[in-house]
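For reference, the structure is listed below as structure tokens.
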Amino acid sequence: MKGTTPLVKLSDDFKKRVLDNWTKEGNATFADFNYTAETYDAVTIIALAVEQAKDDGIAYTKLINGITGGNGGKGTACADFKSCDALIKAGTQPHYQGAGGDYQFSGNGEPTKASYGVLQFGADDKIDDSKTTFVTATAPADPALAAQTPVDGTRKGDGELKIATLLPQTGSLAFLGPPEFAGFDLAIADINANGGVLGKPVATVKGDSGDATTDTASKTVDSELSQNVDAIIGAASSGVSLSVIDKISAAGVVMFSPANTSKKLSSYADHGLYFRTAPSDILQGAVLAQVIQGDGNATVGIIARNDAYGAGLSDDLQKDLVAAGVKVVVLKLYDEKATSFDAEVDALKAANPDAIAVIGFDESSKILASMVEKGIGPKVKKAYGCDGNIGTALGAAFDAGK
């Protein structure tokens with residue numbers, strides 16, 4: 001089974017520093033670095049914007065895009081907080097190109113360039129790193145995605161940058177929690193080791209996002225806003241972000257996701273306070289279609305979650321497959337709360353495609369189990385995943401029958 005996920009070729013040094021910092025606090029190690037770099041960069045970009053604004057209030061939001069080299073910026077390239085902050089203190093515009101690469105945010109606060117990893121499972125149901133390849137994608141120009149002006153809020157800074165997390169400790173994306181929290185922790189450690197922001201260490205508040213089937217995120221956001229946070233890193237799930245984005249923006253607080261990919265968020269009325277280092281699924285749809293078509297498949301069946309993420313990515317994937325000359329013979333959307341996927345898998349089997357794309361979260365292991373039982377598993381049909389499921393955690397869940 002293959003799959004795509006936003007991913008850059010991380011240096012061994014960066015991965016070692018992430019794991020060393022994470023495990024020294026007694027946390028268990030992990031093998032997949034999904035969204036680690038994107039989380040690290042989101043924190044660093046916020047810190048640099050606050051340094052440039054000399055204020056942790058709402059004013060710094062207008063500088064975030066420029067820090068990434070977006071908005072037509074022509075800043076001087078720099079790769080970490082220390083070197084970028086030195087440029088700011090010298091009166092020079094920095095162009096941050098960090099662990100996740102060169103983002104060049106569009107006016108609506110999302111990457112116009114992204115790197116995707118094409119991952120493949122080995123015979124042991126773990127990702128075989130030796131088979132990982134990388135593809136660079138560029139977002140198509142879209143005049144509908146105009147720059148948004150930050151709300152004229154009254155939230156003033158207090159001189160101490162405080163960043164909270166809204167990341168999955170529980171729920172259907174909990175497997176993404178460790179690499180995201182680890183990226184967050186290393187960014188904070190690096191920033192504070194280099195003088196902090198506005199002359200003070202960056203303060204943190206940790207919070208669980210849960211998933212879209214619970215009200216965990218809403219409760220977490222209420223608690224974090226009551227603690228006067230200046231930014232919230234998260235959520236991982238696009239559906240979760242959409243459930244709390246209005247509450248966060250109304251408070252004049254930045255919401256910065258390292259993992260949201262739903263294109264709904266590209267044009268959402270967020271008052272210029274929502275940003276993401278993860279690229280829109282407009283890009284992933286094209287990359288995944290390229291992988292599927294490149295493997296010689298003439299027909300494809302798609303099974304996807306019926307939420308902002310699944311419906312959006314399946315729509316883009318279908319369009320890009322058709323444009324590449326690949327016929328989509330069946331598209332089945334399923335209830336994210338479902339416990340059985342037999343009916344959808346039966347429809348896939350009846351359509352008899354060359355390949356099957358599974359767009360889901362942790363429930364993907366149950367879908368694969370049903371596919372195997374019905375004789376259309378990855379050893380029979382070419383199977384493809386996406387950023388919501390591709391990773392060693394999926395293989396482990398499948399092997400455990402979860």
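The values are calculated or read from the model by the stated rules, or taken from the named source; none is laboratory data. Being a predicted model, the structure only gives us computed values, none of them experimental. Note: ideal-geometry Cβ built from the backbone for every residue, glycine included; neighbour counts use all protein chains shown.
The criterion of at least 1 residues that are farther than 30 Å from Ser218 by Cα and within 17 Å of the chain's Cα centre (by Cα) is met by none of the strands (runs of 3 or more DSSP E) falling completely within the stretch 239-352. Annotation note: Cβ proximity below 9 Å between a residue of the stretch 1-17 that is touching a residue at least 12 places away in the same chain (Cβ under 8 Å) and among the aliphatic types (A, V, I, L, M) and a residue that is surrounded by fewer than 15 Cβ atoms within 10 Å (Cβ to Cβ) and assigned to a strand (DSSP E or B) (sequence gap 6+ or interchain) occurs for Leu7/Phe134; Val8/Phe134.
Here is a yes/no grid of residues against (1) part of a loop (DSSP other than H, G, I, E, B); (2) within 19 Å of Thr339 (Cα to Cα):
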site: Ser365; (1), (2): no, yes
site: Ser370; (1), (2): no, yes
site: Ala383; (1), (2): no, no
site: Asn389; (1), (2): yes, yes
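Could you please let me know if Asp55 is in contact with a Ser or Thr (Cβ under 6 Å, 6 or more places away or on another chain), in contact (Cβ under 8 Å) with a residue 40 or more places away in the chain and of a type in the set (D, E, K, R)? So Asp55 fails the test. Inspection of the stretch 88-107 finds a residue satisfying the criterion of being part of a helix (DSSP H, G or I) and among the aliphatic types (A, V, I, L, M). In the stretch 218-268, the residue that is modelled with the highest pLDDT out of those that are in contact with a Pro (Cβ under 9 Å, 6 or more places away or on another chain) and of a type in the set (S, T, N, Q) is Ser237. Residues considered: Phe175, Phe184. Of these, the only one that is in a helix (DSSP H, G or I), modelled with pLDDT under 95 and crowded, with 19+ Cβ neighbours inside 10 Å is Phe175.
Ala79 falls short on exactly one of the conditions (1) among the hydrophobic types (A, V, I, L, M, F, W, C); (2) surrounded by fewer than 24 Cβ atoms within 10 Å (Cβ to Cβ); (3) closer than 21 Å to Pro258 by Cα; (4) touching a helix residue (DSSP H, G or I) at 6+ places or on another chain (Cβ under 7 Å), and that condition is (4).
Tallying residues that are of a type in the set (Lys, Arg), more than 29 Å from the chain's Cα centre (by Cα) and closer than 20 Å to Leu313 by Cβ within the stretch 353-384 yields 0.
Checked against (1) modelled with pLDDT under 95; (2) of a type in the set (D, E, K, R); (3) within 30 Å of Ile367 (Cα to Cα); (4) crowded, with 21+ Cβ neighbours inside 10 Å, Glu38 meets all criteria but (1). For the stretch 21-29, the criterion of being at pLDDT below 95 and either assigned by TED's automatic domain parsing to the domain that holds Asp185 or closer than 21 Å to Leu119 by Cα (or both) is met by at least one residue.
If you go through the stretch 264-309 and keep only what is farther than 27 Å from Lys366 by Cα, buried (at least 24 other Cβ atoms within 10 Å of the Cβ) and out of contact with any strand residue (DSSP E or B) (no Cβ under 7 Å at 6 or more places or on another chain), you end up with just Thr277. Residue pairs whose Cβ atoms lie under 6 Å apart, sitting 6 or more positions apart in sequence or on different chains, and linking a residue in the stretch 373-390 that is free of Cβ contacts under 8 Å to residues at least 40 places away in the same chain to a partner that is surrounded by fewer than 21 Cβ atoms within 10 Å (Cβ to Cβ), are Lys374/Lys349; Ile376/Lys349. When you scan the stretch 200-210, do you find a residue that is more than 17 Å from the chain's Cα centre (by Cα), at pLDDT 95 or above and of a type in the set (D, E, K, R), even just one? Yes: one or more hits.
Here is a yes/no grid of residues against (1) in contact with an Asp or Glu (Cβ under 9 Å, 6 or more places away or on another chain); (2) in a helix (DSSP H, G or I):
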site: Phe14; (1), (2): no, yes
site: Val18; (1), (2): yes, yes
site: Asn34; (1), (2): yes, no
site: Asp41; (1), (2): no, yes
site: Thr44; (1), (2): yes, yes
site: Glu51; (1), (2): yes, yes
site: Asn65; (1), (2): no, yes
site: Gly69; (1), (2): yes, no
